[in-house]
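Since the structure comes first, as structure tokens, the remarks are kept for the end.
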Amino acid sequence: MATVAFMTLGCKVNQYETETMEGLFRQAGYKTVPFTEPADVYIVNTCAVTMLGEKKSRQLVRRAQRQNEAALIAVTGCYAQLAPEVLESLPGVRLVVGTRDRGRIVELVEEAAAGDGILRDVGDIMAADTFEDIPLFSAPARTRAFLKIQEGCQNFCSFCIIPYTRGPLRSRSLASVRRETGKLLSAGFQEIVLTGIHLGAYGRDLKSGVTLVDAARTVLDFDELRRLRLGSLESIELSPELFALLKSDRRFARHLHLPLQAGADPILRAMNRPYNTAAFSRLLEKVREAAPGIAVSTDVIVGFPGETDELFQKSLSFVQRQGFARVHVFPYSRRPGTPAAARPDQVPGAVKKERARLMQAVADEIAAAYHAAFLGATVPVLFETTKNGIADGLTDTYIRVYTDTSVPPGEIVPVKLQCLYRDGVWAAPA
């Protein structure tokens, strides 16, 4: 039996796409093995969000080639779409597939194995007009199930390469959302996370007029579902209907990830973000009014071109005031081909590093404050892993909970939150 190994870099969408490809290979009779072991075929699902992501992608290809020089290495994902010629130059690479045609991955691997040279399947992603609906043939080895319902982005933020690697907006049909939800719940998953490249734009390309609210309701139609969570959303896309659903159905996780990116209006304008700090702050007030105690996590980029010391201090102060539950801090990564990369006012690397350190200190402080507000409460936790006798999992408000109580992974168990611990909270039996 031929063996295949997978490695994924980047976002939850990439992770979901790898899981669909794994299912296709299993359907075709392949045996999956860990990426650390020798395999006949290696699939590297790449990331191009940052230069570091590209570097790691190349390193993984070289690692696979060292493990088995005779293996066929296939590279897919955003970096493959963006720079196929770079990946084709690496030893062992026989197939490069962009961000389409992953439904044909087994066929393409076998075609590459039967031929000579390198097979490239990287088309014009900007011409893509339909969602690539690949059924999930096997349940992922996790406790939370990700379900991709949307592809593509047309925001064109000045720092981001993703619209050029993922193409225009495409949405999964509600019938397909229902079908895949049923599979995941039958496999025993209690939480489903809806994901997409631009999730809030779900349905804009469909003539039926459906929206993200309709997709969420489709999943919530299943009585056996215990928890629904949404992936990253743009703040301006939160509709009154979504607020109402969040308020009315307790299975809708009290957690939203709303990327801020910068806390100073001149930088937001330079980033081509469609809001200012005042609008973002008003939106947070509405969210918290609809769902008291809700966790709002966010992303912040520091060291964007043109960010002066004064503007950084404004951003730092704004983040401090917003009461986020979690802040993911990123130093700006220069992406060739984007407007921001061509700006002459780039921030020196040492300055970006120091600003990231300062912003992370604030992020840690406000996360601890958010967690502390829940101490003493009894909350349901979806436990995920156990290591060295300590189990951990997530509340619906995205608090990481740890306990030395014996709890079954994949189950939602009520526990009492006792004290701050690591990046979350320590708990005891309820």
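The values are calculated or read from the model by the stated rules, or taken from the named source; none is laboratory data. On a predicted model such as this, the values are computed, not experimentally measured, just so you know. Note that each Cβ is placed from the backbone with ideal geometry, even for glycine, and that neighbours are counted across all protein chains shown. For the accessible areas, the whole protein counts, side chains as well, though only heavy atoms, and no ligand, DNA or RNA atoms are used. Shrake-Rupley method; radii C 1.70, N 1.55, O 1.52, S 1.80 Å.
Extent of region 251-291 along its three principal axes (Cα atoms, max minus min coordinate, largest first): 38, 15, 13 Å.
Checking the table 31/148; 286/314; 148/247; 12/183 against a 27 Å threshold on Cα-Cα, which pairs fail?
Flagged as over cut-off: nothing, all pairs pass.
In the complete set of protein chains, residue-level accessible area for residue 21 is approximately 0 Å², probe 1.4 angstrom. Fully extending the segment from residue 214 to residue 142 would add 23.3 nm, taking 0.36 nm per residue of separation and subtracting the current Cα-Cα distance. Only residues of region 135-166 count here: report those whose backbone N is under 18 Å from the spot 7 Å along Cα→Cβ of residue 183, or say none. Within reach of a label on residue 183: 135-151.
Note that region 270-338 presents 42 Å² accessible area per residue, ligands and nucleic acids not counted, probe 1.4 Å. Candidate cross-link partners of residue 55 among the aspartates and glutamates, defined by an alpha-carbon separation under 18 Å and a same-chain spacing of 8 or more, comprise 85, 88.
Placing dummy labels 7 Å off each Cα toward the beta-carbon, the span from residue 317 to residue 378 is 4.5 nm. Could you list log10 I(q)/I(0) for region 287-422 at q = 0.09 Å⁻¹, which the Debye formula gives when each Cα is one point scatterer? For the requested q values the scattering log ratios are -0.38.
Computed on the Cα atoms alone, the convex hull of region 1-132 gives a volume of 102 cubic angstrom per residue. Spin-label model, residue 154 to residue 116: label points 7 Å out along the Cα-to-beta-carbon direction sit 4.5 nm apart. Note on residue 186: accessible area is roughly 110 Å² with a 1.4 Å probe, heavy atoms of protein only. By the Stokes-Einstein formula, at 0.692 mPa s and 37 °C, the chain with its Kirkwood radius over alpha-carbon pairs has D equal to 143 µm²/s. Taking 0.36 nm per residue of separation and subtracting the Cα-Cα distance, full extension of the segment from residue 33 to residue 52 would add 4.2 nm. Of all DSSP beta bridges located in the chain, what percent are antiparallel, nearest 5? About 35 percent, rounded to the nearest 5. The spacing between region 241-318 and region 22-93, judged by their C-alpha centroids, is 35 Å. Applying 1/(1 + (r/R0)^6) with R0 = 45 Å to the Cβ-Cβ distance of residue 411 and residue 285 gives a FRET efficiency near 0.80. Take every pair of alpha-carbon atoms less than 8 Å apart whose residues are at least six positions apart; their mean separation over the length of the chain yields a relative contact order of 10 percent.
Think of a 1.4 Å ball rolled over the protein heavy atoms: region 1-112 then has 39 Å² of accessible area per residue.
Per the helix-only calculation at 222 nm, which mean residue ellipticity applies to the chain, given -39500 (n - 2.57) for every DSSP H run of n ≥ 4 and division by its residues, nearest 500 deg cm²/dmol?
My calculation for the chain gives -10500 deg cm²/dmol from helical runs alone.
Share of carbon and sulfur in the accessible area of region 44-96 stands at 51%, probe radius 1.4 Å.
With a sphere of radius 12 Å drawn around the Cβ of residue 288, what net charge do the other residues whose Cβ falls strictly inside it have (Lys, Arg +1; Asp, Glu -1)? Overall, the nearby charge balance is +2.
Rounded, prolate or oblate: which fits region 54-151 when a ≥ b ≥ c are the square roots of the eigenvalues of the alpha-carbon gyration tensor, with rounded for a/c under 1.5 and prolate only if a/b beats b/c?
Taking the square roots of the gyration eigenvalues as a ≥ b ≥ c, region 54-151 is prolate.
Taking the Cβ of residue 195 as the centre, find all other residues whose Cβ is under 9 Å away and add up their charges (Lys, Arg: +1; Asp, Glu: -1). Net of charged neighbours comes to +2. Ligands, DNA and RNA left out, the accessible area of region 115-244 computed with a 1.4 Å probe is 52% carbon and sulfur. With one equal scatterer per alpha carbon and no solvent term, the Debye-computed log10 I(q)/I(0) for region 43-110 at 0.14, 0.17 1/Å reads -0.35, -0.52.
The local environment of residue 208, defined by Cβ-Cβ distances under 15 Å, has a net charge of +4 under the rule Lys, Arg +1 and Asp, Glu -1. When DSSP beta bridges are restricted to pairs lying wholly in region 135-262, around 15% turn out antiparallel. Each residue, residue 126 and residue 388, gets one label point 7 Å from its Cα in the Cβ direction; the gap between the two is 5.1 nm. Using only side-chain charges placed at the Cβ, +1 for Lys and Arg and -1 for Asp and Glu, the dipole size of the chain relative to its Cα centre rounds to 720 debye.
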